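Student: Structure incoming, see below.
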There are 2 protein chains.
Amino acid sequence: MQEQKTPLSATDWIQAAFRALAKGGPQAIRAEAIARDLKVSKGSFYWHFKDVPALKLQMLEHWQRKATEAIIQLVDNSVASSVGRLHLLVEVASTTDTSAYGGVNVEAAIRDWGRYDEHAFAAVETVDEKRLHYVTELFSNCGIPEPQSRSYSRLLYGSLIGLEALSGHTKADRKNDLLGLLDLLLGGNKVVN
Amino acid sequence: MQEQKTPLSATDWIQAAFRALAKGGPQAIRAEAIARDLKVSKGSFYWHFKDVPALKLQMLEHWQRKATEAIIQLVDNSVASSVGRLHLLVEVASTTDTSAYGGVNVEAAIRDWGRYDEHAFAAVETVDEKRLHYVTELFSNCGIPEPQSRSYSRLLYGSLIGLEALSGHTKADRKNDLLGLLDLLLGGNKVVN
DNA sequence: CAAATTCCATACGGCACCGTATGTTGACTC
DNA sequence: GAGTCAACATACGGTGCCGTATGGAATTTG
């Protein structure tokens with residue numbers, strides 16, 4: 001527990017802002033509220049950022065980078081086949097998802113944010129497009145032709161998003177449901193690893 | 001265009017509140033802002049409602065009723081088989097969804113709302129449970145055993161939600177993707193209505 | 001050690017909203 | 001045609017937030 005008065009960085013503020021976003025939605029991204037959470041005054045905020053919109057833009061940039069880095073990391077680490085990569089992708093995404101930052105559903109909160117803010121919408125659009133492109137390629141490598149591979153990637157990715165939004169639904173449920181869907185998409189044969 | 005000064009009802013306020021919700025999120029449900037939209041003063045609001053939380057509760061009650069009525073209506077109107085009902089369900093839900101009220105994504109906005117408000121969460125939970133129960137029964141009637149029918153209903157309903165959240169994705173895409181998923185879930189045989 | 005710079009606290013005016021209190025207007029009642 | 005009541009409008013104090021301005025401590029730098 002570092003109780004010392006180590007000076008805050010802009011990244012500290014951004015992380016705290018993501019916690020606020022996850023907990024209270026986009027309108028919870030307020031300078032004074034986050035300052036209270038960090039136990040400093042808002043004078044600190046206006047030293048690190050020009051204003052609240054500037055903070056929001058930096059949050060989106062930050063997330064957009066992290067969200068695509070995660071994919072690249074998975075690509076490189078999993079040296080398996082495309083089928084194995086799909087399974088690994090589903091397994092990782094369905095259990096942890098991108099709960100970096102504060103700990104909870106930052107991903108979903110940003111997606112919500114995109115419904116009310118054009119900048120957030122653009123960020124979500126970019127990330128979705130990159131992820132879908134990657135998954136589509138994986139399906140293509142599994143022998144699925146062009147029009148279907150894109151449809152399958154939308155179904156898999158869309159299901160991941162939708163199942164997270166469902167309420168009475170454990171992580172184990174989610175993982176099983178998504179793995180079942182993947183097997184169906186890949187031809188119904190049970191693929192081991 | 002009824003430009004007369006016909007007095008407002010509580011339902012008028014609720015509908016306007018749903019428009020505000022869909023456009024600006026839960027924090028956009030404000031008495032004075034909605035009053036401006038309705039071109040009245042907030043004195044009117046505090047005559048119809050005790051306070052803002054009371055309006056929100058009435059909104060949730062209102063939606064919860066409408067959201068389950070829609071299912072019952074579909075059940076009764078479609079006299080086809082269970083397979084036909086599933087197809088009809090997907091077709092209707094993927095194109096129009098529950099865009100009653102103001103015209104746009106009230107459904108998605110309430111789901112977002114549920115992430116930050118416990119009452120909204122409870123409403124979404126109840127509606128999800130009822131819909132999932134209904135779809136599970138349809139799958140059961142198609143000969144799919146218990147553990148899978150529930151998983152399939154989650155997949156279908158979750159995909160519907162998730163695909164709506166995807167950005168670069170037309171309504172036609174959505175419908176095709178979901179019908180394709182349904183065919184996969186029903187055994188891969190193309191079922192014609 | 002004096003000066004500059006970093007990092008933050010405090011104080012201010014302004015705005016948007018909340019909820020209440022009270023005034024106003026039309027319709028309807030007898 | 002005085003009284004009642006529904007359906008507002010208006011005015012008020014209070015709060016939380018924004019952005020700015022300015023002051024101060026702590027560290028670094030010449």
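The values are calculated or read from the model by the stated rules, or taken from the named source; none is laboratory data. Treat the numbers as computed from the prediction; the structure is a model and nothing was measured. Here Cβ is always computed from backbone atoms with ideal geometry, including for glycine, and neighbour counts include all displayed protein chains.
Student: Suppose the filter is free of Cβ contacts under 8 Å to residues at least 24 places away in the same chain and either on the phi > 0 side of the Ramachandran plot or away from DNA strand D (no atom under 16 Å from the Cβ) (or both); does B:S41 pass it?
Tutor: The answer is no for B:S41.
Student: Can you tell me which of (1) exposed (fewer than 15 other Cβ atoms within 10 Å of the Cβ); (2) part of a helix (DSSP H, G or I); (3) not charged (D, E, K, R) is the one B:G187 doesn't meet?
Tutor: Every listed condition holds for B:G187 apart from (2).
Student: Considering (1) in a helix (DSSP H, G or I); (2) at pLDDT below 95; (3) within 11 Å of another protein chain (Cβ to nearest Cβ); (4) over 13 Å from the mean Cα position of the chain (by Cα), say which one A:F121 fails and leave the rest.
Tutor: Single failed check for A:F121: (2).
Student: Can you find, within region A:45-66, the residue that is farthest from the other protein chains (Cβ to nearest Cβ) among those that are assigned to a helix (DSSP H, G or I) and within 15 Å of DNA strand C (Cβ to nearest atom)?
Tutor: Taking the candidates together, the pick is A:W47.
Student: Across region B:136-155, what is the total count of residues that are farther than 23 Å from A:L160 by Cβ and either touching a Gly at 6+ places or on another chain (Cβ under 6 Å) or outside any helix (DSSP H, G or I) (or both)? Don't jump to the end; show me each part of the working.
Tutor: Of all residues in region B:136-155, those farther than 23 Å from A:L160 by Cβ come to B:137-138, B:140-143, B:145-146.
Narrowing further to those that are either touching a Gly at 6+ places or on another chain (Cβ under 6 Å) or outside any helix (DSSP H, G or I) (or both): B:142-143, B:145.
Result for region B:136-155: 3.
Student: If a residue must be in contact with a helix residue (DSSP H, G or I) (Cβ under 7 Å, 6 or more places away or on another chain) and either near DNA strand C (Cβ under 8 Å from one of its atoms) or closer than 24 Å to B:D112 by Cα (or both), how many such residues does region B:31-44 contain? Spell out the reasoning first.
Tutor: First pass over region B:31-44, keeping only residues in contact with a helix residue (DSSP H, G or I) (Cβ under 7 Å, 6 or more places away or on another chain): B:31-35, B:37-38, B:41-42, B:44.
Add one more test, that the residue is either near DNA strand C (Cβ under 8 Å from one of its atoms) or closer than 24 Å to B:D112 by Cα (or both), and what stays is B:31-35, B:37, B:42.
Residues meeting the conditions: 7.
Student: What is the residue count in region B:13-37 for residues that are within 11 Å of DNA strand D (Cβ to nearest atom) and surrounded by fewer than 16 Cβ atoms within 10 Å (Cβ to Cβ)?
Tutor: 2
Student: Would you pick out the residues in region A:48-61 that are more than 8 Å from DNA strand D (Cβ to nearest atom) and either surrounded by fewer than 19 Cβ atoms within 10 Å (Cβ to Cβ) or over 13 Å from A:T11 (Cα atoms) (or both)?
Tutor: A:H48, A:A54, A:L57, A:Q58, A:E61
Student: Is it the case that some residue within region A:128-135 is in contact with a Gly (Cβ under 9 Å, 6 or more places away or on another chain), touching a residue at least 12 places away in the same chain (Cβ under 8 Å) and within 13 Å of chain B (Cβ to nearest Cβ)? Full working, then the answer.
Tutor: Step one: of region A:128-135, the residues in contact with a Gly (Cβ under 9 Å, 6 or more places away or on another chain) are A:128-129, A:132.
Applying the additional criterion that residues be touching a residue at least 12 places away in the same chain (Cβ under 8 Å) yields A:128, A:132.
Those still in the list that are within 13 Å of chain B (Cβ to nearest Cβ) too: A:128, A:132.
Yes, region A:128-135 contains a residue that is in contact with a Gly (Cβ under 9 Å, 6 or more places away or on another chain), touching a residue at least 12 places away in the same chain (Cβ under 8 Å) and within 13 Å of chain B (Cβ to nearest Cβ).
Student: So, A:Q27, is that one within 14 Å of chain B (Cβ to nearest Cβ) and within 16 Å of DNA strand C (Cβ to nearest atom) or not?
Tutor: Numbers: within 14 Å of chain B (Cβ to nearest Cβ): yes; within 16 Å of DNA strand C (Cβ to nearest atom): yes.
So A:Q27 passes the test.
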